[in-house]
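The values are calculated or read from the model by the stated rules, or taken from the named source; none is laboratory data. Just so it is clear, the structure is predicted and the values come from calculations on it, not from any experiment. Cβ atoms come from the backbone with ideal geometry, glycine included; neighbour counts cover every protein chain shown. When the accessible area is computed, the model is the full protein with side chains, heavy atoms only, and any ligands, DNA or RNA have been set aside. Shrake-Rupley method; radii C 1.70, N 1.55, O 1.52, S 1.80 Å.
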Amino acid sequence: MTALLEVERLSKRFRGLKAVSEVSFTVPEGRMLALIGPNGAGKTTTFNLIAGVFPPDEGRVTLKGRNLTGLKPNQVCAAGIGRTFQIVKPFGQLTVEENVVVGALARERSVETARRQARAVLERLELADQANRPARSLTLPDRKRLEVARALATRPTLLLLDEVLAGLRPTEVDRMVEVLRDLNRREGLTILMIEHVMRAVMALSDRVVVLDHGEKIADGAPAEVVADPRVVESYLGAEALD
Amino acid sequence: MSGLSGVMFSGITGRGMVLLVLAALGLAVAPFVADRYLVSVLTTVLWFAYVGQAWNVMMGFSGLLSLGHALYVGLGAYVSAALFVHFGIGPWAGMVLAMLVAVVAGCVIGFLGFRFGVKGVHFALLTIAFAEVARIGFDHITWVGGSGGFFLPVEAGASDPLNLRGSPVLFYYVALALVVGALFLSRALLHSRLGYQWLAVREEPDAAEASGVDLFRARMTAVAVSSALTALGGVFQAFYFNNLFPEQVFSMGRSIEIILPAIVGGIGTLVGPILGAFILTPLGEALTFLIEAGGLDLPGLKQLFYGAALVVIVVFRPEGVWPWLARRLRLVRQPGEGA
Amino acid sequence: MPIDYYLNIAASGLLTGLVYGLAALGLSVIFGVVRVVNFAHGEMMVAGMYGAVLLGGWLGFDPLLSAPLMAALLFACGWLLQRGLVNKFVERPEHMQFILLLGIATILVNAMLMLFGPDARNVQVPYSFDTVEIGSMLLDAVRLRAGAAAIVVAAALFAFFRFSRTGKAIRACADNPLGARVVGLNIDGLYALTFGIGAAVVGVAGALMTLLVDARPQLAPEYTLLSFIIVIVGGLGSLPGALLGGVLIGMSEALAGFLLTPSMKSLFSYGVLIVVLLLRPQGLLGKRS
């Protein structure tokens, strides 16, 4: 199994405070990897470093061997990484379809073609019936799906999902898990996700990386990781495994 | 009003289409039925509709608040006038250089602002600062008359469309052509890849960037398009009025007049700036008329009324008159009614 | 003695700059707390000027005496404006706030134009031509008094924010509106109070300004822009920054007016603004957000 994404000794400080410290992990092609950890562990910062929101102080990010370090977010997107935002950022005044068209236009010059692609993505995420509604009128679960749809429309080889299940009801979580599993199994999309919903993490991921205070404290198969005493102590606690 | 569909002709209902065609026909034949005064008022309306549309490209489409658009009007006016007076180069050729100079100025402001992360109110202030610098600067450029004004030669009864010399009716049709041209250009831009990117940048810059939009490039193109279009309005102004004073052309007041039509009509909509101009200018004229008829000589009353209108509009119709009117009169399809 | 000459000009600029700085303080206070840019600031200042002119004409009041009255009047106006209109716009986009205040500014400046006409009006004070010798410098008495009064008012404002309960509450509100609401502070009331204070301060600055220049409606937009420049140069939301910015702009204007032609002096201020916006957008004493 070749590594699609390689993160090597990534570090970032904010005003002297270490947000991410020497974090390394790899995401093999076609797999789903979950990044977990308590609040403030540096998960979203790691995402932002990969997505090019800010450059790392040290370390390297490579996708299929290509160095992405220091690229801007739009260049990272062009290189093949799509992302969602933890706090959803829909283009509020545009319709749902137009939101996804913007994503599709990342790789497509023709608006007509982009619109067809957007339609297909919306079908896939069960948003097609909302296509003409303004994005700001969507409910939170639909907004989360719109985030995924817009990122998918950029035709990424790697999808970064930042807590797309948070705040959803259990049935909605199951629907989203189904969609993600389907994307991964059938289309071989590689996914790296930050997630707190452990049920989904256990169901979806092939591997789990645990961060705490900006450092990696565990990396392995889901069952191994949740049994790791350090992980239990810092993050999971006893009750989270129910 | 939501999404592109709300501002596109494709979303317009049959009733809206009829109204649109009637308005277009009315404007096309207006000079044959209207008197000289009415033609001059309509020309002013069209000019503000045009520059309002040009400003709308920056603020309405891309979310960049410029309060210094008088800069581009002034540069367009002075460059074309100087070429005509000093070198005998007519406006049709001169406008190319006029637009180019304005685009360069816009790009300098844009480059400085975007590269150094100057945002929101700060960016607006940067645009004011450059316009003010130009105003004071042109006061001291004697080659184009300095603060004493710059005048284009006027020959009575001349008819020379190639040099944009002629009757008020000629200018009326040129202004109408500018408005129609800007309307279709804006529409085409909004339908294009670039247009989608602009709107995305306006709504959520971070998400736009993550979706592959080059923020810097998208914003710079918006500034370039807007400044070029606005400069064309300046060329028109120079040859229509035949005199230019830095205190008027580059003034902050002029910049504000430019943004009013779009704000009153509806920022970010295609029809908004046109509707806004058709509301503001006639209201101003009516007020002037009333003040004169009432024998009152109160300078400032008209502007005071403008200020009050602005407050009323922004309090009661913050998204502008057009979206509200279109909804009330069902001139556009509502979201969810199908395309 | 050319050095003395420059010193003299610089000192005059400094004193004028203190009044500019006081006006900018008002803007800074409002922006720092309410997060609204008061685009009618110069208009309020010129209202303060006309108030001093009228009181001087009718009752022979010295502008220094009119200043507290103008503060009271403008406080009331600012308070009402925030309560009645601006408060609804606090959460709205910046350009909406701008348009609202622009409308208010337009109403104010044209109302003054209609009431007082376009010609310059001034206040007569017995010491208008007196000079005071300090070392080798010769300074105008009016300038010294205006500058000194500006320092007194600014000091009072600093003390209010530092030591009084209300001042501390306003600062808490500026730092964290949500937190302030949670601990039970009346945010809307504090916003109105702040807008009132900002307006009062600029009203005083206006009254003091009549010692230095004649009142004209056309000054209003100029002072609005000038206050902005100063606040941005000094640092948005930083009170000492506003005062420092005012002094800096006042001195550079005075020197530029002397070295270049007087009509070019504001060019210099805009130059300073552009440089600061580009090199240090948070301003000289501002914190990076």
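Starting from the residue with the highest accessible area, list A:E233, A:E6, A:E172, A:E178 in decreasing order, probe 1.4 Å.
On the way: A:E233 160, A:E6 70, A:E172 30, A:E178 100 Å².
So, going from the largest accessible area down, we get A:E233, A:E178, A:E6, A:E172.
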inquiry  = Keeping all protein chains in the complex and leaving out DNA, RNA and ligands, what accessible area do you get for A:H213 with a 1.4 Å probe, in Å² to the nearest 10?
reply    = 140 Å²
request  = With a 1.4 Å probe and every protein chain left in place, work out the accessible area per residue of chain B in Å², rounded to a whole number.
outcome  = 39 Å²
task = Please report the buried accessible area for the interface of B with C, total over both chains, probe 1.4 Å, in Å² to the nearest 100.
result = 3300 Å²
inquiry  = Based on alpha-carbon centroids, what's the gap between the stretch B:105-132 and the stretch C:132-170 in Å, whole number please?
reply    = 34 Å
ask   = If you stretched the chain out fully between A:E22 and A:Q86, how much longer would it get, using 0.36 nm times the residue separation minus the C-alpha to C-alpha distance?
value = 20.7 nm
task = Leaving out ligands and nucleic acids, note down the accessible area per residue over the stretch C:6-79 with a 1.4 angstrom probe, in whole Å².
result = 30 Å²
ask   = So which residues in the stretch A:90-110 end up with at least 50 square angstrom less accessible surface once the other protein chains are there, compared with the chain by itself, probe 1.4 angstrom?
value = A:F91, A:Q93, A:L94, A:E98, A:V102, A:L105, A:R109
task = Normalising by the residue count of the stretch B:1-115, find the relative contact order in percent from Cα pairs under 8 Å and 6+ residues apart.
result = 14 percent
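On the accessible surface of the protein assembly as shown, probed at 1.4 Å, how many percent belong to carbon and sulfur atoms? Each step should come with its number before you reach the end.
Values: 22180 of 35670 Å².
Roughly 62 percent of what the probe reaches on the protein assembly as shown is carbon or sulfur.
Rank these residues by their accessible area, most exposed first, probe 1.4 Å: B:Y306, C:Y223. Present the calculation step by step, with values, prior to reporting the outcome.
Values: B:Y306 50, C:Y223 15 Å².
Greatest to least solvent exposure: B:Y306, C:Y223.
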message = I want the antiparallel fraction of DSSP beta bridges within chain A, as a percent rounded to 5.
response = 55 percent
key: Net dipole in debye of the protein assembly as shown [+1 Lys, Arg Cβ; -1 Asp, Glu Cβ; about Cα centre; nearest 20]   = 1180 debye
query = With a ≥ b ≥ c the root eigenvalues of the C-alpha gyration tensor of the protein assembly as shown, is it rounded (a/c under 1.5), prolate (a/b larger than b/c) or oblate?
reply = oblate
ask   = In square angstrom, rounded to the nearest 10, how much accessible surface does A:R155 have for a 1.4 Å probe?
value = 120 Å²
note = Computed from the beta carbon distance with a Förster radius of 25 Å, FRET efficiency for B:V312 and B:D35 to the nearest 0.05 stands at 0.20
key: Debye log10 I(q)/I(0) for the stretch A:1-123, one point scatterer per Cα, at q = 0.09 Å⁻¹   = -0.31
query = When ligands, DNA and RNA are left out and all protein chains stay put, how many square angstrom of accessible area per residue does chain A have with a 1.4 Å probe?
reply = 42 Å²
message = Within the stretch C:152-172, list the residues whose amide N lies under 17 Å from a label point set 7 Å along Cα→Cβ of C:V182.
response = C:172
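Quick one: net charge of B:P91's neighbours, Cβ under 15 Å, K/R +1, D/E -1? Write out the running numbers ahead of the final one.
Values: positive: B:R165; negative: B:D160.
Net charge in that neighbourhood comes out at 0.
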Highest-fluctuation residue, C:A207, C:A76, C:A40 considered, GNM on chain C with Cα pairs under 10 Å = C:A76
key: DSSP bridge orientation in the protein assembly as shown - percent antiparallel, rounded to nearest 5   = 65 percent
key: Threshold 20 Å² - residues in the stretch C:13-40 whose accessible area is reduced by that much or more when the chain is no longer isolated, probe 1.4 Å   = C:V37, C:F39
task = Determine the residues within the stretch B:117-131 where the difference in accessible area between the chain on its own and the full set of protein chains amounts to at least 30 Å²; count protein heavy atoms only and use a 1.4 Å probe.
result = B:V118, B:V121, B:H122, B:L125, B:L126, B:A129
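Charges at C-beta only: +1 for Lys and Arg, -1 for Asp and Glu. How large is the resulting dipole of chain B about its Cα centre, in Debye rounded to 20? Numbers along the way, then the final one.
On the way: 18 positive and 17 negative charges, 148 e Å.
With Lys and Arg at +1 and Asp and Glu at -1, about 720 debye.
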query = Looking at B:M220, B:I256, B:N242, which one has the Cα that reaches farthest to the positive end of the dipole of the stretch B:189-339 (charges on Cβ: Lys, Arg +1; Asp, Glu -1)?
reply = B:M220
Pairwise label distance in nanometres, B:N243 with C:R280, each label 7 Å out on the Cα-Cβ vector = 4.6 nm
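What number, rounded to the nearest 500 deg cm²/dmol, is the helix-based mean residue ellipticity at 222 nm of chain B, given -39500 (n - 2.57) per DSSP H run of at least four residues and division by all its residues? Before the final figure, lay out each step's value.
Details: 14 runs with 235 residues, N = 339.
Helices in chain B give a 222 nm mean residue ellipticity of -23000 deg cm²/dmol.
Kindly identify the stretch C:2-220 as rounded, prolate or oblate by the Cα gyration tensor criterion: order the square roots of the eigenvalues as a ≥ b ≥ c, call it rounded if a/c is under 1.5, otherwise compare a/b with b/c, prolate if a/b is larger, else oblate.
On the way: a/c = 2.18, a/b = 1.53, b/c = 1.42.
Prolate is the answer for the stretch C:2-220, as a/c is 1.5 or above and a/b outweighs b/c.
Which value results for Rg/Rh of the stretch A:99-191 when Rg is the Cα radius of gyration and Rh the Kirkwood radius based on the inverse mean 1/r?
In the stretch A:99-191, Rg relative to Rh is 0.95.
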Accessible area that becomes buried as A packs against B, both chains, 1.4 Å probe, Å², nearest 100 = 2300 Å²
request  = Estimate the FRET efficiency between A:E224 and B:D206 by the formula 1/(1 + (r/R0)^6), using the beta-carbon distance for r and 51 Å for R0, to the nearest 0.05.
outcome  = 0.90
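In debye to the nearest 20, how big a dipole does the stretch A:3-143 give about its Cα centre with +1 on each Lys and Arg Cβ and -1 on each Asp and Glu Cβ?
Here the size comes out at about 340 debye.
Can you compute the helix-only [θ] at 222 nm over chain A? Use -39500 (n - 2.57) per DSSP H run of at least 4 residues, normalise by all residues, nearest 500 deg cm²/dmol.
-10500 deg cm²/dmol
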key: Residue-averaged [θ]222 nm for chain C, counting only DSSP H segments that reach four residues, each worth -39500 (n - 2.57)   = -25000 deg cm²/dmol
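List every DSSP H helix in chain C whose Cα atoms extend 18 Å or more along the helix's own long axis and whose mean Kyte-Doolittle hydropathy is at least 0.5.
Working: long enough: C:2-34 (47 Å, 1.52); C:41-59 (27 Å, 0.96); C:63-84 (30 Å, 1.24); C:94-116 (32 Å, 1.77); C:141-163 (33 Å, 1.66); C:187-209 (33 Å, 1.70); C:219-234 (22 Å, 1.85); C:239-259 (30 Å, 1.60); C:265-279 (22 Å, 2.11).
Membrane-span-like by this rule: C:2-34, C:41-59, C:63-84, C:94-116, C:141-163, C:187-209, C:219-234, C:239-259, C:265-279.
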inquiry  = From Cα pairs below 8 angstrom and at least 6 apart in sequence, can you work out the relative contact order of chain B, rounded to a whole percent?
reply    = 33 percent
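Before anything else, pin down the relative contact order of the stretch C:2-220: Cα pairs under 8 Å, at least 6 apart, normalised by residue count, whole percent. If you can, show how the numbers build up before the last one.
Working: 331 pairs, mean separation 100.4, N = 219.
With pairs under 8 Å counted, the relative contact order is 46 percent.
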